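Report on one structure; see the data block that follows.
Every number in this text was worked out from the coordinates using simple rules, so none of it is lab data. Remember, predicted model here, so these are calculated numbers, not experimental data. Virtual Cβ from ideal backbone geometry, glycine too; neighbours counted across all protein chains shown.
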Amino acid sequence: MPGWRCAQALVDGTEWWLYVCNRIAEEPQRFFRAITDAADW
């Protein structure tokens, strides 16, 4: 079956908030875009 292989990561455990903060710090525009997209939903 043709297609693209991909992987999705699920954050769990007790330090999930640190992971989220690191992701926001890497690219703040992505965070603000997610917020505005959620507001338009």
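Sorted by mean Cβ packing within 10 Å, highest first, what order do the peptides 24-32, 5-13 take?
24-32, 5-13
For an R0 of 35 angstrom, estimate the FRET efficiency from the Cβ-Cβ distance between Thr14 and Asp37 and round to the nearest 0.05.
Once rounded, the FRET efficiency stands at 0.75.
Using unit Cβ charges (K, R positive; D, E negative) and no other charged atoms, how large, in debye to the nearest 20, is the dipole of the chain about its Cα centre?
Once rounded to the nearest 20, the dipole reads 160 debye.
Considering the alpha-carbon set of the chain alone, what are its Rg and its Dmax in angstrom?
In Å, with Rg to one decimal and Dmax whole: 14.1, 38.
Report the one residue of Asn22, Phe32, Gln8 whose Cα lies farthest in the direction of the positive end of the charge dipole of the chain (charges on C-beta: Lys and Arg +1, Asp and Glu -1; origin at the Cα centre).
The one lying farthest along the dipole's positive direction is Gln8.
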